[in-house]
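Working notes, beginning with the structure itself.
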């Protein structure tokens with residue numbers, strides 16, 4: 001099966017989006033709550049209905065961008081937050097994006113990609129971040145599925161992927177996950193390496 005725009009569009013139209021919590025996840029909310037600079041340029045890739053983006057906008061952050069390959073979740077965001085700038089809701093392929101950001105928030109995008117795309121994901125994240133850019137978010141620390149999203153993984157695999165391109169400040173079990181994800185999430189906080197190691 002090809003996990004393309006049609007596949008994801010149908011998932012949203014059929015409402016088979018069990019990964020969508022219907023609200024911002026606690027670890028990401030608590031991270032956002034300690035941010036003071038409301039001018040940060042922030043990206044949420046593969047954001048879907050992106051309750052994180054909604055929360056950021058309602059907290060006064062102006063430069064919040066969401067990119068998703070499907071149009072329905074972006075329309076859902078616009079309905080919930082009519083003031084969301086249309087130019088910052090981007091329907092397209094994450095790997096084709098050519099902007100830079102101070103902060104990227106990872107929330108169930110990494111696990112939606114087939115594992116063979118993970119090296120390209122890490123390189124693209126590095127390229128999308130400004131010199132002092134930060135990648136923050138959650139990764140599943142569990143096997144999950146092998147033939148369809150969400151695809152899981154473990155901390156050893158993730159470290160080997162990210163360390164050539166990022167300084168890993170934190171990649172630890174989340175202590176404040178929502179109940180349905182307790183014990184299955186890693187909270188990540190990384191700084192971009194501007195001279196990445198060869199792999």
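With both labels modelled 7 Å from their Cα along Cα-to-Cβ, the residue 91 to residue 63 distance reads 2.7 nm. Note on residue 172 and residue 146: the model spin-label points, each 7 Å out from Cα along the C-beta direction, lie 3.3 nm apart. Relative to the current alpha-carbon distance between residue 34 and residue 184, full extension at 0.36 nm per residue lengthens the span by 51.6 nm.
Compared with the alpha-carbon gap, the fully stretched path from residue 116 to residue 98 is longer by 4.3 nm at 0.36 nm per residue.
Between residue 195 and residue 155, the contour length at 0.36 nm per residue exceeds the Cα-Cα span by 12.1 nm. Dimensions of region 5-192 along the principal axes, based on C-alpha atoms and rounded to the nearest Å, stand at 42, 38, 33, largest first.
No value in this document is a laboratory result; all are computed from the given coordinates. Quantities reported herein were computed from a predicted structural model and do not represent experimental measurements. When we count neighbours, we look across all protein chains shown, and the Cβ atoms used for this are built from the backbone with ideal geometry, even at glycine.
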